[in-house]
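Please read the structure below before turning to the comments.
The values are calculated or read from the model by the stated rules, or taken from the named source; none is laboratory data. Fair warning: this is a prediction, and the values are worked out from it, not measured in the lab. Reconstructed Cβ throughout: ideal geometry from the backbone, glycine too, with neighbour counts over all protein chains shown.
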Amino acid sequence: MPQAQPELKKYLDKRLFVQLNGSRKVIGVLRGYDVFLNIVLDEAVEEKPGGEKVRIGMCVCSTTFKPQCRAEC
């Protein structure tokens, strides 16, 4: 039986916090996604250990796993 996909449509054009493999954290505006949950973030910033923030710009998070996401207010 196919597994239900998370509903990301409601998060389009909203700022998301995404935790990736290796404790990497990225915050950006969700611009798009596909059925494989690859997501496109704009205005993305990576939070490094120690609080350092690195501007990435636009990035694609390739999700061969289930990332942890939450909307930023």
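In segment 11-29, the qualifying residues are those that are out of contact with any Asp or Glu (no Cβ under 7 Å at 6 or more places or on another chain) and in a strand (DSSP E or B), and the one that is surrounded by the fewest Cβ atoms within 10 Å (Cβ to Cβ) is Q19.
Is at least one residue of segment 62-72 on the phi > 0 side of the Ramachandran plot and modelled with pLDDT under 80? No: zero hits. Taken over segment 30-43, the criterion of being among the β-branched types (V, I, T) and surrounded by fewer than 13 Cβ atoms within 10 Å (Cβ to Cβ) is satisfied by V35 alone. Scanning segment 30-54 for residues that are of a type in the set (A, V, I, L, M) and in a strand (DSSP E or B) gives L30, I39, V40, L41, A44, V45, V54.
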